[in-house]
1. Rounded to the nearest 20 Debye, what is the dipole magnitude of the stretch 1-125 about its Cα centre when Lys and Arg each give +1 and Asp and Glu each give -1 at the C-beta?
2. Along the charge dipole of the chain, pointing to its positive end and built from +1/-1 on Cβ of Lys, Arg, Asp and Glu, which listed residue (Gly113, Ala214, Thr148) has its Cα farthest out?
3. For Cα pairs less than 8 Å apart in space and 6+ apart in sequence, what is the mean separation divided by the residue count of the stretch 96-186, i.e. the relative contact order in percent?
4. Stretch Ala129-Val190 to full length: gain in nm at 0.36 nm per residue minus the Cα-Cα span?
5. How much FRET efficiency would the formula 1/(1 + (r/R0)^6) give for Gln137 and Asn165, where r is the Cβ-Cβ distance and R0 is 25 Å, rounded to 0.05?
6. When the dipole is taken about the Cα centre of the chain, and only Lys, Arg (+1) and Asp, Glu (-1) are charged at their Cβ, what size is it in debye, to the nearest 20?
7. Quote the charge dipole size of the stretch 29-75 about the Cα centre in Debye, to the nearest 20; the model charges only the Cβ of Lys and Arg (+1) and of Asp and Glu (-1).
8. For Cα pairs less than 8 Å apart in space and 6+ apart in sequence, what is the mean separation divided by the residue count of the chain, i.e. the relative contact order in percent?
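The values are calculated or read from the model by the stated rules, or taken from the named source; none is laboratory data. As the structure is a prediction and not an experimental result, all values here were calculated from the model. Cβ placement follows ideal geometry from the backbone for every residue including glycine, while neighbour counts extend to all protein chains displayed. Heavy atoms of the whole protein, side chains included, go into the accessibility calculation; ligands, DNA and RNA do not. Shrake-Rupley method; radii C 1.70, N 1.55, O 1.52, S 1.80 Å.
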Amino acid sequence: NFSAFYMPGRYWYAAMAWVKDAGGEMAVQRDGRWRGALSSPESIAGLTAWKKLVDAYYVGDRSKDNGDEPAVVGQGNVGMFYGNTWEAFAATDRRSGGNPALKGKFATFPFPGPSGELMPPFLGGSLLAVPVKSRNQDLAKEWIGLFTDRASQRQLIKAETLPNNTVQLRDVPADGINGAAALAAERGWVTPLAPGWGAVEKSNVLPSMLQSIATGEKSVREAAREADREIDAVINDN
C-alpha cells in the first residue's frame, strides 16, 4: 500500500498545476464568451504528464480526492505528497488522523515541473467579502483593509502563513517550512474569472474528468473534450 508519491485521481487542485505548467488553461475567454480549454494541445500535454506520474508512483484508490491526505500521510504509507504546508503539521496531529511520532520529520521543497520551472500552485480558497445586506459595510471594509495591509501580513508570516502579495514573499524565512511555498507562489494561479465558474465547480467536471483519466476509463483526449463540453454548458451563466 506504499505510494512513493500521493496523488489520488480526483485531486484537481494539484492536477491543474500540471496543466498550467504546460501552458494550458481550464477555460479561456474569446469574443466575450468563456469556453473550456482542457482539450487544447497544451492542456492535453499537462494532463498526460500528470497521468504518467500517477501511473508511476501512486498506489491506491484513484476515485478519491485529497480530503484525507493528512491522515493517509500520517499512517506512514506515503513517501511524498503535493499539497499545502499546513498538511505536514496536520499529518502529525492525532485529531486529523495523523501520527505525533512524525513531528519534525517533514521537509518541504518547491516541486519541479516538467517544463523545467517550479510547478505553479493554486492560490485560492478563503475569500474576504462584505455582505450586500450588511448594516456596517464601511466598518467591514475598514477591517478588511486592516487585515490585508502589510503590517498584518508580517504577523501572518510569523504565524507560518504566506502573505497576500508577492513583495512580502521575500520576507518568508527560506529555511522555514513555508520557504518552499513562497518560492512556488511566484508562479501561482487562480481559477478562471468567469461568471459561471462556481457552477463549473459545483458540477464536479474537473474531478470527474481526472478520475476517468486516472482509472483508464477514458483517454486523456476523450475525457478532456467531454469536460470542455460540460464547461461550455454552464460557464457563461451568471
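1. 160
2. Towards the positive end, the residue furthest out is Thr148.
3. Reported as a whole number, the value is 32 percent.
4. 20.2 nm
5. Efficiency for this residue pair is about 0.55.
6. Approximately 280 debye in magnitude.
7. Here the stretch 29-75 has a charge dipole of around 280 debye.
8. About 26 percent, as a whole number.
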